[in-house]
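I have placed the structure first, in the form of structure tokens, so that the comments after it can refer back to it.
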Number of protein chains: 2
Amino acid sequence: MTAKSEPVQEELVLALPKGRILDELRPLLDRVGIIPEPEFDNDNSRHLKFKTNLPHLSLIRVRSFDVATFVAFGAAHLGVAGNDVIMEFDYSELYAPLDLGIGRCRLSVAEPVALSQTDDPQRWSHVRVATKYPEITRRHFAARGVQAECVKLNGAMELAPALGLCHRIVDLVSSGATLRANGLKEVEEITAVTSRLIVNRAAFKTRPEELHRWIETFREATHAP
Amino acid sequence: MTAKSEPVQEELVLALPKGRILDELRPLLDRVGIIPEPEFDNDNSRHLKFKTNLPHLSLIRVRSFDVATFVAFGAAHLGVAGNDVIMEFDYSELYAPLDLGIGRCRLSVAEPVALSQTDDPQRWSHVRVATKYPEITRRHFAARGVQAECVKLNGAMELAPALGLCHRIVDLVSSGATLRANGLKEVEEITAVTSRLIVNRAAFKTRPEELHRWIETFREATHAP
């Protein structure tokens, strides 16, 4: 067999989220057989794109919200994103075939403890909410006839009620320690959150075998004991 | 004089941006006479709000985009934000009376070096742009009749052209090293950027003396040799 008979394989790009989720992802990458170049573990690296042990697979490391955008626009073929991010964007170009079972938390409504003692969520008619998730928040409240005025914040939502910006926030909750530290109480869960493997739909049509293989490889590694 | 004759002074909240700008701000805070509690210098602190040596002044440390939102909604009375952030939101509730002369950089259009050799910005009719600043970008291009389709990214804009997401990006440029490292070239400056002292307009009406005094104090410290 000559080199000529090998099809030229186009690069495949896998987008991974920075931060906490990446730590949980590493054992899964190991099981899948993806070994990033050493620079990937340098948190201060200026690099954004990394080679792996697999000649046709590159990684990009971006913010969790940007993973969904890079994959939806076909700039990455595969990615790992929480269903919070997937729901917020609601991109038609994203396909999320596999729950990776990591990054477990929940997206919830919280409010000051004092307020929660007399407040009945069933009686809300209009709420102002500070959140990183204005779309999910609007849809959640609209579904039961409540109009939510959302103030988009990128972080520090927990500060907003004490400073009088709003009474309620919608935020990711894991242990609840951050809420408690800020005098807040979870009053409603909007959705449970885990990280999913996401695929660009157009790439899935043009490179079905390769992408199917990756989904199956991740599926096996996810269910491995 | 008894305690009774002292007016009860309401807390004043100053919102500061996390990260690089904060390092440049510290000498200015020193000259203004604001000494944050020690916890403020703990980068891993879960705290979001901090006391200072001044009994009526608290600090919050939030993302640069959120500084503008906290001040616009009156959750903070004063803040420090770049004019990039101020322009992007265009909040009517913000007043930006003082250029602090720190955080100098520029907001620019960049594109791949190879493209820039034949590209003429005067001939663009439609562009797709990856940026953290969709509003500024749309306004900038619309002003000369070019329709900009903006893809909002929160970071890693420099990756987008090489991955085929778009040809152009609009991003903050300081030394230009990040652009060069990604094979990109600055082709147009949209605006010079520096950090400004911002004030909530409603607070400025209800507490004019206090806020005037702070603006003057910052003005003197900014112009100090």
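Only residues that are surrounded by fewer than 15 Cβ atoms within 10 Å (Cβ to Cβ) and either within 30 Å of residue B:50 (Cα to Cα) or away from chain B (no Cβ under 14 Å) (or both): list them for segment A:130-151, please. Within segment A:130-151, A:142, A:143, A:144, A:145, A:147, A:149 qualify. Do we find a residue being in contact with a helix residue (DSSP H, G or I) (Cβ under 9 Å, 6 or more places away or on another chain), of a type in the set (A, V, I, L, M) and closer than 24 Å to residue A:91 by Cβ anywhere in segment B:166-173? For segment B:166-173, residues in contact with a helix residue (DSSP H, G or I) (Cβ under 9 Å, 6 or more places away or on another chain), of a type in the set (A, V, I, L, M) and closer than 24 Å to residue A:91 by Cβ: present. Residue A:178 meets all of the listed conditions (1) within 14 Å of chain B (Cβ to nearest Cβ); (2) touching a helix residue (DSSP H, G or I) at 6+ places or on another chain (Cβ under 8 Å); (3) β-branched (Val, Ile, Thr) but one, namely (2). Answer yes if at least one residue in segment B:97-114 is out of contact with any Lys or Arg (no Cβ under 7 Å at 6 or more places or on another chain), within 13 Å of residue B:168 (Cβ to Cβ) and among the hydroxyl-bearing types (Ser, Thr, Tyr), and no otherwise. Yes, segment B:97-114 has at least one match. Being more than 29 Å from residue B:171 (Cα to Cα), outside the structural domain of residue B:133 (by TED's automatic domain parsing), free of Cβ contacts under 8 Å to residues at least 24 places away in the same chain and not small (Gly, Ala, Ser) is the requirement here; does residue B:38 meet it? Yes, satisfied. The single condition from (1) within 14 Å of chain A (Cβ to nearest Cβ); (2) surrounded by 16 or more Cβ atoms within 10 Å (Cβ to Cβ); (3) in a loop (DSSP other than H, G, I, E, B); (4) not hydrophobic (A, V, I, L, M, F, W, C) that residue B:88 fails is (3). Summed over segment B:64-83, residues that are surrounded by 24 or more Cβ atoms within 10 Å (Cβ to Cβ) and either more than 14 Å from every other protein chain (Cβ to nearest Cβ) or within 11 Å of residue B:194 (Cβ to Cβ) (or both) total 3.
Please find, within segment B:181-196, the residue that is nearest to residue B:129 (Cα to Cα) out of those that are within 14 Å of chain A (Cβ to nearest Cβ) and hydrophobic (A, V, I, L, M, F, W, C). The qualifying residue nearest to residue B:129 (Cα to Cα) is B:184.
Here residue B:214 clears all of (1) more than 9 Å from chain A (Cβ to nearest Cβ); (2) more than 17 Å from the chain's Cα centre (by Cα); (3) surrounded by fewer than 16 Cβ atoms within 10 Å (Cβ to Cβ) except the condition numbered (3). A single member of A:92, A:116, A:125 is among the hydroxyl-bearing types (Ser, Thr, Tyr), over 15 Å from the mean Cα position of the chain (by Cα) and at pLDDT 95 or above, and it is A:92. Of everything in segment B:36-50 that is within 14 Å of another protein chain (Cβ to nearest Cβ) and not hydrophobic (A, V, I, L, M, F, W, C), the residue that is surrounded by the most Cβ atoms within 10 Å (Cβ to Cβ) is B:49. Evaluation of residue B:19 against the conditions (1) of a type in the set (Gly, Ala, Ser); (2) within 17 Å of the chain's Cα centre (by Cα); (3) modelled with pLDDT of 95 or more shows that the sole unmet condition is (3).
Any residue at all in segment B:5-14 that's within 22 Å of the chain's Cα centre (by Cα) and part of a helix (DSSP H, G or I)? Scanning segment B:5-14, I find no residue that is within 22 Å of the chain's Cα centre (by Cα) and part of a helix (DSSP H, G or I), so the answer is no. Of everything in segment B:110-129 that is touching a residue at least 12 places away in the same chain (Cβ under 8 Å) and acidic (Asp, Glu), the residue that is farthest from the other protein chains (Cβ to nearest Cβ) is B:119. Of the residues making up segment B:166-182, not one is over 15 Å from residue B:153 (Cβ atoms) and touching a Pro at 6+ places or on another chain (Cβ under 8 Å). Within the bounds of segment A:185-199, is there any residue that is among the small types (Gly, Ala, Ser) and in a strand (DSSP E or B)? The answer is yes, given that some residue of segment A:185-199 is among the small types (Gly, Ala, Ser) and in a strand (DSSP E or B). So for segment A:167-175 (the condition being within 9 Å of chain B (Cβ to nearest Cβ) and in contact (Cβ under 8 Å) with a residue 12 or more places away in the chain), does at least one residue qualify? No, every residue in segment A:167-175 fails to be within 9 Å of chain B (Cβ to nearest Cβ) and in contact (Cβ under 8 Å) with a residue 12 or more places away in the chain. Reported count of residues in segment A:155-178, each being closer than 15 Å to residue A:116 by Cα, assigned to a helix (DSSP H, G or I) and at pLDDT 95 or above, is 1.
The values are calculated or read from the model by the stated rules, or taken from the named source; none is laboratory data. Fair warning: this is a prediction, and the values are worked out from it, not measured in the lab. Every residue, glycine as well, gets a Cβ built from its backbone with ideal geometry; the counts of neighbours run over all protein chains shown.
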